[in-house]
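K.L.:
First the structure, then my questions, so here it is.
The values are calculated or read from the model by the stated rules, or taken from the named source; none is laboratory data. Everything numeric in this text was worked out from a predicted model, so none of it was measured. Note that we place each Cβ from the backbone using ideal geometry, even for glycine, and neighbour counts take in every protein chain shown. Protein only, heavy atoms only, side chains kept; ligands, DNA and RNA dropped before computing areas. Shrake-Rupley method; radii C 1.70, N 1.55, O 1.52, S 1.80 Å.
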Amino acid sequence: MTTQDMLDERYGRTISPRRRWISGILGAVAAVVIGLFAWMIIANTLDDVSAETTGFTVQDAHTVTLAFQVTVPDGRSIACALEAQDESHAVVGWKIVEYPPSELHTRALREDIPTTAEATTGLVNSCWVT
């Protein structure tokens, strides 16, 4: 035994077997927690849908045509909530539309939204996988 080993043993600087077990268990638990967290993040992005309004046209006092683009996971059906708003940003019309699965990752779509008053804008409120 070297002098350094004797000093470590004398002053308690060695790692006991019990402490090694505890460190190993804590390391394993930390790895499991990190793995679960990573899986939750990945699982949430697998069904991620993004929508972007590309334009709108006020047809008359009771109709707005909305053009928009959605990016969807391949082969998944989606639904979107569309809105028409007036100049004070009050909702004057809305519509829920559903689209069947498609092999296209990004789709350009157009929908007419019925309104109760003349709208000044149209937008996609949200889209989700159904």
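K.L.:
With a 1.4 Å probe and every protein chain kept in, tell me what percent of the accessible surface of the chain is carbon plus sulfur. Present the calculation step by step, with values, prior to reporting the outcome.
P.N.:
Details: 5290 of 9020 Å².
Using a 1.4 Å probe with all protein chains present, the chain comes out at 59 percent carbon and sulfur.
K.L.:
What does the charge dipole of segment 54-117 about its Cα centre add up to, to the nearest 20 debye, if the Cβ of each Lys and Arg holds +1 and the Cβ of each Asp and Glu holds -1?
P.N.:
180
K.L.:
While we're here: Could you tell me the relative contact order of segment 36-92? Use alpha-carbon pairs under 8 Å, at least six residues apart, and round to a whole percent.
P.N.:
Working: 48 pairs, mean separation 14.6, N = 57.
With pairs under 8 Å counted, the relative contact order is 26 percent.
K.L.:
Quick one: if you take sqrt(5λ) for each eigenvalue of the C-alpha gyration tensor of the chain, what semi-axes come out, biggest first, whole angstrom? Write out the running numbers ahead of the final one.
P.N.:
Numbers: eigenvalues 767, 56, 22 Å².
Here the semi-axes work out to 62, 17, 11 Å.
K.L.:
Just the accessible area for Ile34, please: 1.4 Å probe, Å², rounded to the nearest 10?
P.N.:
Here the residue's solvent-accessible area equals roughly 120 Å².
K.L.:
Could you work out [θ]222 nm for the chain from helices alone, using -39500 (n - 2.57) per DSSP H run of at least four and dividing by all its residues? Round to the nearest 500 deg cm²/dmol. Before the final figure, lay out the partial values.
P.N.:
Details: 2 runs with 38 residues, N = 130.
Computed mean residue ellipticity for the chain: -10000 deg cm²/dmol.
K.L.:
Just name one of Thr3, Val72, Trp94: the one whose Cα is farthest towards the positive end of the charge dipole of segment 1-114 (beta-carbon charges, Lys/Arg +1, Asp/Glu -1).
P.N.:
The one lying farthest along the dipole's positive direction is Thr3.
K.L.:
Sticking with the crude label model, points 7 Å out along Cα→Cβ, report the distance from Thr65 to Arg107 in nm, one decimal please.
P.N.:
It works out to 1.9 nm between the two label points.
K.L.:
Any idea of the accessible area per residue across the chain, 1.4 Å probe, to the nearest Å²?
P.N.:
69
K.L.:
How do Asp47, Asp8, Asp74 rank by accessible surface area computed with a 1.4 Å probe, from largest to smallest?
P.N.:
On the way: Asp47 65, Asp8 35, Asp74 90 Å².
The ranking, largest first, comes out as Asp74, Asp47, Asp8.
K.L.:
Treat each spin label as a single point 7 Å out from the Cα along the C-beta direction, and report the Tyr99 to Thr57 distance in nm.
P.N.:
1.9
K.L.:
How high is the relative contact order of the chain, in percent, with contacts defined as C-alpha pairs under 8 Å that are six or more residues apart?
P.N.:
Answer for the chain is 27 percent.
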